[in-house]
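Have a look at the structure below before the remarks.
Read-outs: derived from the displayed coordinates by stated rules, not from any lab. No experiment lies behind these values; they were computed from the predicted model shown. Cβ: placed from backbone, ideal geometry, glycine included. Neighbour counts: every protein chain shown.
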Amino acid sequence: MSAVLDYSRISAQTVAQPMADPVAFLAGINKRYCNGVLALDNVSLTLNRGEIVALLGPNGAGKSTAVRLLMGLSSPTLGTVGIFGADPRETSARMRTGAMLQVGRAPEMLKVREQIELFRGYYRRPMAYADIVRAAALHGIEQRMFGQLSGGQKQRVLFALALAGDPDLVFLDEPTVGLDIESRRTMWAEIRSLAARGKTVLLTTHYLEEADALAHRIIVINKGRIACEGTPDEVKAFGSAVPGRSAQGSVKIIRCATELTTATLLKLQGVVSATADVSGTTVTSNQPESTLREMLALDQTLRGIEVQSPALEDAFLAITTDRS
Amino acid sequence: MSTMTFSPVTGSPINSLTFNVRIFLRESRYEFLRLTRTKSFALSVIGFPVIFYLFFGLILNRGQHIGSVSVAKYMLAGYAVFGMVGASLFGIGVGLSSELAAGWLELKRASPMPPIAYLLAKCASAMVFGVIIVSILTVMGISVGHVELSFGEYVRMFGLTVVGVIPFACMGMALALLVPFSSAPGIANMIYLPMSFCGGLWLPIMMLPKFIQQFAVLLPTYHLSQLMLSAFGYDSAGTAMSHWIGLLGFTLVMLGIGGIAFRRYEQNQ
C-alpha cells in the first residue's frame, strides 16, 4: 500500500499542541459602543506562542470587536488588553504584529512591490522582500499595479503586507476569501509554517473547514460572550452534546440502516443522541467503537454503516443557535 | 495569576528619529507617485488652473494693463493659489476620505506606521503639486503673456505655495472626518469654487460686490492671494501681518473642528 501523505489533510490536532506561553490577552473585557450596543460582555481570552487560534461566531457576535481591541484600533470600556506586555496602541507592540483586514479598496496606483516596500519600512526588522514574495506566492505580479490585480491576487498581496514585518503575532481576517483551492491550500501551509516557527496567528473566518484544518484552538463567540472554547474536536463534541447527556472526548456520528429503535439505541453505551428517518438512522456517540459493537451484536441485519466526525458546521450552529 | 514574561522592544531615540524620517520620506514619495499615476487627479488638478489662466489671463485679457498692473501677472498669483488649493482639498481631503471609507486607513493604523508621517506625506505631496502648478503657470505667463517676473518674486510665490498648503490641509482633514466619502468630492467642490471666487482668485477682489469683499476676510484664499500679490506690489487691502493672522486663525479653526471630529471618530471605535 503506498503511503502518500497529503499534508493539507493533516489537521493541526495531529501536531503537538503549543505550550501555554501567552503573548496576548483580553481580560474581563466589556465593550459598549456609543450607540449603547454591548458588543462584548466579560470576555477573556489568551493567545499563546506558536498557536493558531480561530475566532468563530455569527455576524455581529463581537469577533471583529475582539480583534480590533487586540490590534489597538479600539479601547475597551472595561477590562484590559495586552500584547507582548504592552498596550496594543503602542508602536513598540505593533512592531511585532501584522494584520490582514478586509479592505474595500487599497491604493490602486501603487505597484505590489512598492506597497510591500512601504510596509516593510514600518518595521525595524522586516522580513526579506524575497521571502515575502515567496510566502504570499506573488511571483510574476510584483510589478503590477494593485488596481490591475484579480481578487485572489489582491488577497495574497494583503497577506504579504501582514507578513512584511516578520511579526510574532498575526491577525488574519477572512484570509482566504476569494481564493481558489490551490491558493487557499498554499496560504494554509504558510499559516501553519508561521505557527511552527513560534509565531501566533489569530484567524477569523466563516469557512469552518478552514478553522477545522488550521486551528489548534477554536473560540466561538456569540452575542458578545464566549460560547465555547477548545480544540476543534472539543468544540465538535460540545456542539453534539444534548441537554442531560454530556458529550466528551471524540464524538462520532454513525449512520446506518437498522431495525433497532431509537429508544433501544439511546440506552447503548456512549450514545448521546439517536434519530431515525426515511433515509436511515443516525446515532451520535462519544464511544463509537463500543456503540458499534453493541449495535452489530443486537441487529444482524444492520447495513450501510458510515462513521464520520461531526461537522464543525453542525457543532457551530448548535452552539450559536440553541443557547439564546 | 500566571506570570507572563515578555521582552519589550526598545530602540534608541536618535535612531527613532532617522527611522521615522525615512518612513515619512518613503510615504511622501509613494503618495506623490500614486497621485501622478492617478490621471483623473493629476490632469484635473494641474489642468484646471492652467486652462483657466490660459483663457482668462493670456488670451482674453491679452497684454492688458490696468494702470501699472499687468493683468496676466495679477492672474498668475490668483491661479497659482487656485491650483494649490485644489491639490490640497482633493489630494489630502478627498484622498483621506477615500482611504478612510475603504478601510485602508485602518490597516495603516494597525501597523507601526506613525500617523504623523502619513499626514505629513499627504501635505508634502500637495506642496509638490502646488509648486509644479506655480512653475507651469509662471512659464506660461513669461512666454505667452510676456509677464515680467523676477527670480525673487518667483521664489516668494514658491514659498507661499508651500506654506499655504497648511491651512487647506487642515480643512481637508476636517472635511474627511466630517463628510462621508460619497459626498466628499461634491462638498469639496462646493467649498473650493465659491471660496476661490469670493477670495478674488478669478476676478480681482476690488471688482467684487462690497459685501463679498467684507466676507472675504474670513477666507484663506483671500489672505493667501493678497500675500502673493504683495510680492508683486499688487495687493489691495490689509497688511501682510493681517493676512498671516487671517491664515493662522483659519488654520486654528480647522484644527479645532478636525480635532473634535477626530475625537468623535475615536469614541465611535
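Need one number: nm distance between label points at B:Val21 and B:Arg62, each 7 Å from Cα along Cα→Cβ, rounded to one decimal.
Here the answer is 5.1 nm between the modelled labels.
Can you tell me the 0 to 90 degree angle between the C-alpha axis of helix A:181-196 and the longest principal axis of chain A, rounded to 10?
Tilt of helix A:181-196: around 80 degrees.
Just report the Cα centroid separation between the range A:117-153 and the range A:23-63, whole Å.
Here the two parts' Cα centres lie 30 Å apart.
Mind checking the dipole of the protein assembly as shown: about its Cα centre, +1 per Lys or Arg Cβ, -1 per Asp or Glu Cβ, Debye to the nearest 20?
On the way: 50 positive and 41 negative charges, 248 e Å.
Using only the charged Cβ atoms, the result is roughly 1200 debye.
Using the Cα atoms of the range B:40-267, I'd like the radius of gyration and the largest Cα-Cα distance, Dmax, both in angstrom.
17.8, 59
For the pair B:Phe262/A:Gln148, report the inter-label distance in nm, with labels modelled 7 Å from Cα in the Cβ direction.
Modelled inter-label distance: 3.7 nm.
Dipole of chain B (Lys/Arg Cβ +1, Asp/Glu Cβ -1, origin at the Cα centre): which of B:Ser44, B:Gly67, B:Pro194 lies farthest to the positive side?
Value: B:Ser44.
When the dipole is taken about the Cα centre of chain A, and only Lys, Arg (+1) and Asp, Glu (-1) are charged at their Cβ, what size is it in debye, to the nearest 20?
On the way: 35 positive and 33 negative charges, 182 e Å.
Using Cβ point charges on Lys, Arg, Asp and Glu, chain A gives about 880 debye.
For chain A, give me the percentage of DSSP beta bridges that are antiparallel, rounded to the nearest 5 percent. Numbers along the way, then the final one.
Numbers: 35 of 52 bridges.
Of the beta bridges lying entirely in chain A, close to 65 percent run antiparallel.
Which of the residue pairs A:Lys31/A:Lys154; B:Lys73/B:Lys122; A:Lys199/A:Lys223; A:Lys111/B:Lys108; A:Lys154/B:Lys39 have a Cα-Cα distance greater than 25 Å in the structure shown?
On the way: A:Lys31/A:Lys154 32 Å; B:Lys73/B:Lys122 30 Å; A:Lys199/A:Lys223 29 Å; A:Lys111/B:Lys108 17 Å; A:Lys154/B:Lys39 22 Å.
Distance filter (> 25 Å) returns A:Lys31/A:Lys154; B:Lys73/B:Lys122; A:Lys199/A:Lys223.
What angle do you read, to the nearest 10 degrees and between 0 and 90, between the alpha-carbon axis of helix B:71-86 and the longest principal axis of chain B?
Computed tilt is about 20 degrees.
Could you tell me which of rounded, prolate or oblate describes the range A:140-215, using a ≥ b ≥ c as the square roots of the eigenvalues of the alpha-carbon gyration tensor, with rounded for a/c under 1.5 and, failing that, prolate when a/b is larger than b/c and oblate otherwise? Numbers along the way, then the final one.
Working: a/c = 2.04, a/b = 1.33, b/c = 1.53.
Since a/c reaches 1.5 but b/c is at least a/b, the shape of the range A:140-215 is classed as oblate.
Which angle from 0 to 90°, rounded to the nearest 10, does the C-alpha axis of helix A:312-322 make with the longest principal axis of chain A?
The angle comes out near 80 degrees.
Assigning unit charges at the beta carbon (Lys, Arg +1; Asp, Glu -1) and nothing else, what dipole magnitude in debye, to the nearest 20, does the range B:101-243 show about its Cα centre? Provide the component values of the computation, followed by the final result.
Values: 5 positive and 4 negative charges, 65 e Å.
That gives the range B:101-243 a dipole magnitude of about 320 debye.
Could I have the simple spin-label model distance between B:Ser135 and A:Leu78, label points 7 Å from Cα toward Cβ, reported in nm to one decimal?
6.1 nm
Using a Förster distance of 60 Å, how high is the FRET efficiency between A:Ser290 and B:Leu43, based on the Cβ-Cβ distance and rounded to 0.05? If you can, show how the numbers build up before the last one.
Numbers: r = 77 Å, r/R0 = 1.28.
For A:Ser290 and B:Leu43, the calculated efficiency is 0.20.
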